[in-house]
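What follows is a single structure, written as C-alpha cells, with notes after it.
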Amino acid sequence: MNIHEYQGKDILKKFGVSVPRGIVAFSPDEAKQAAQQLFEEQSSPVVVVKAQIHAGGRGKAGGVKLAKSPDEALEIARQLLGATLVTHQTGPEGKQVSRLLVEEGMNIDREFYVGITLDRSTSRNVLMVSTEGGMEIEKVAEETPDKLLKIQVDPLYGLQGFQAREAAFFLGLEGEQFRNAVSFISALYRAYMTIDASLAEINPLVVTKEGRVLALDAKINFDGNALFRHKDFLELRDTNEEDPFEVEASKSNLNYVRLDGNVGCMVNGAGLAMATMDMIQLAGGRPANFLDVGGGASPETVEEGFKIILSDKNVRAILVNIFGGIVRCDRVAGGIIQAAQKIGLNLPVIVRLEGTNAEIAQKMLDESGLNLIAANGLHDAAAKVNQALAAG
C-alpha cells in the first residue's frame, strides 16, 4: 500500500527522523493559511507548495513550486488543485491533484539519496545511499554505479552503528553533518522495520548550510501482508490514487493488476498466472491483466473476477487457467457457469482446467449450454485464445 508524502513524513517524525515543518491543504484558502503560519514560524523567505500524488517526478511536471508570500501560495494552489500532473511514473493519463503539502523552505547545501528495501536476491534488507540526490536511483545504478553504496543488513542483528557511519562517510559528510546523518539513517531503519514497510525512500535527503539533515521528500510503501498488524495505517489509503479496477478487486480479496492488453486472464496462483501471461505473449496475444483468484476460489470470487475483467473495454477474449490443487475444478466450473448466467459472457472464453475433479468440471461446462472453448494444456490454451482474437 502506498501513501502520500505528507503521511509518510508524519510517520517518520514519530521515530525521530528529521523532516521539514509542513501543513497539508485541501483548498487554496487552506494553502494560504498554511503558508501564513509557516512564514510566521520560520526565517526562510519562501515556502514550498507540493502536489500530493502517488508518483515521482512531480517537480519536473510542475507540481512543486516556491512561494514568497501567502498570496503567492494561494495562487499556486489554485493552479495545482484539480490539475492533472503527467510524470514518468503516472503514464500519459496522469493523476489529478486533490491535496497539497505546504512546507518550510530549506537553506540547502547538498542533496543525497537514502533508501531501504528488501533485496530479494539475498533475502536481506539493503540500505542504499548515493551522492546523486534528486535523481532516479535506477538511472544512477545503471550509469554511475560508483556513486551508489549498497549495505546488506543482517536480519539477526539489524542495522549496526558502523554501517550507518559507513553510509555517512560515503556521502562525504563531516562534523555535525556526519553525526546528524548517522542519527537520521538509524532512525529511518528503525521506522522501516517497525511499520513493516516494503520501501522507505528519501530522495532527496538534504543537508542544510546550518548542518541539519532532513528528508525533503519521503516515499513509504507498506508490505500489504503485514497490514493486519497496523490497522491504523489503513485509513491512510487514498483509493483515488489507485486503479479503480484494482480497488474493486481488493474488496473481494482478489489479486488484480491491470495491464494494457486484450486478453483477460483468470488464474489461481501467482506463478501459474505469470506463466499464463508469458504464454499469451509468446503466442502473439497481449495479457490485459494479472488476476489470481487464490487457492480457495469460490463461485462468488470467480464471478467477481469475471465482472472485473469485463469492466476493461479492451478485453476481447478471456482465458481461464485453473490447476485444481487446493481448489476443486468443479467449484471453478460452477463459478464460470454462474457468472455466465448472471452477467452474460459474450466474449470468447477459453477454459483450461487440470487437477482435482477436472473431468467433473469439464462435464459441467459441456452440459451448461454455454459457448466455452476447452483447452488441453497451456500451449493449446494460448493458441486458442489467439485463434479467437483473429476470428473476432
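Below are the figures for this structure:
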| item | result |
| --- | --- |
| Residue within the stretch 251-260 that is within 20 Å of the chain's Cα centre (by Cα), at pLDDT 85 or above and of a type in the set (A, V, I, L, M, F, W, C) present | yes |
| Count - residues of the stretch 108-149 that are assigned to a strand (DSSP E or B), over 30 Å from V46 (Cα atoms) and within 21 Å of the chain's Cα centre (by Cα) | 9 |
| Output for the stretch 172-208, where each listed residue is among the hydrophobic types (A, V, I, L, M, F, W, C), part of a helix (DSSP H, G or I) and within 28 Å of the chain's Cα centre (by Cα) | A181, F184, I185, A187, L188, A191, M193 |
| Residue check for G91: farther than 21 Å from A25 by Cα and outside the structural domain of Y157 (by TED's automatic domain parsing) | yes |
| Helices (runs of 4 or more DSSP H) wholly inside the stretch 1-106 that include at least 2 residues being touching a residue at least 60 places away in the same chain (Cβ under 8 Å) | 5-13, 28-41 |
| Count - residues of the stretch 236-261 that are touching a strand residue (DSSP E or B) at 6+ places or on another chain (Cβ under 6 Å), farther than 17 Å from Q89 by Cα and among the charged types (D, E, K, R) | 1 |
| Boolean, G59 is modelled with pLDDT of 95 or more and not polar (S, T, N, Q) | no |
| Test set (1) out of contact with any strand residue (DSSP E or B) (no Cβ under 7 Å at 6 or more places or on another chain); (2) in contact (Cβ under 8 Å) with a residue 40 or more places away in the chain; (3) surrounded by fewer than 20 Cβ atoms within 10 Å (Cβ to Cβ) - L389 fails condition number | (1) |
| Check on A164, under 21 Å from the mean Cα position of the chain (by Cα), buried (at least 17 other Cβ atoms within 10 Å of the Cβ) and outside any strand (DSSP E or B) | no |
| Search result, residues across the stretch 209-240 that are in a strand (DSSP E or B) and of a type outside the set (K, R) | V213, L214, A215, I220, N221, F222 |
| Residues that are among the acidic types (D, E) and part of a helix (DSSP H, G or I), drawn from the stretch 306-365 | D330, E359 |
| Failed condition for T276, given (1) in contact with a strand residue (DSSP E or B) (Cβ under 8 Å, 6 or more places away or on another chain); (2) assigned to a helix (DSSP H, G or I); (3) farther than 21 Å from N376 by Cα | (3) |
| Residues (touching a Ser or Thr at 6+ places or on another chain (Cβ under 7 Å), among the β-branched types (V, I, T) and at pLDDT 90 or above) located in the stretch 97-141 | I108, T117, V126 |
| Conditions (1) closer than 20 Å to V327 by Cβ; (2) in contact (Cβ under 8 Å) with a residue 60 or more places away in the chain: number failed by M266 | (2) |
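Here is a yes/no grid of residues against (1) in contact (Cβ under 8 Å) with a residue 40 or more places away in the chain; (2) surrounded by fewer than 20 Cβ atoms within 10 Å (Cβ to Cβ):
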residue: I336; (1), (2): no, no
residue: G344; (1), (2): no, yes
residue: P348; (1), (2): yes, no
residue: E354; (1), (2): no, yes
residue: D366; (1), (2): no, yes
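The values are calculated or read from the model by the stated rules, or taken from the named source; none is laboratory data. No experiment lies behind these values; they were computed from the predicted model shown. We place every Cβ from the backbone using ideal geometry, glycine too, and count neighbours over all the protein chains shown.
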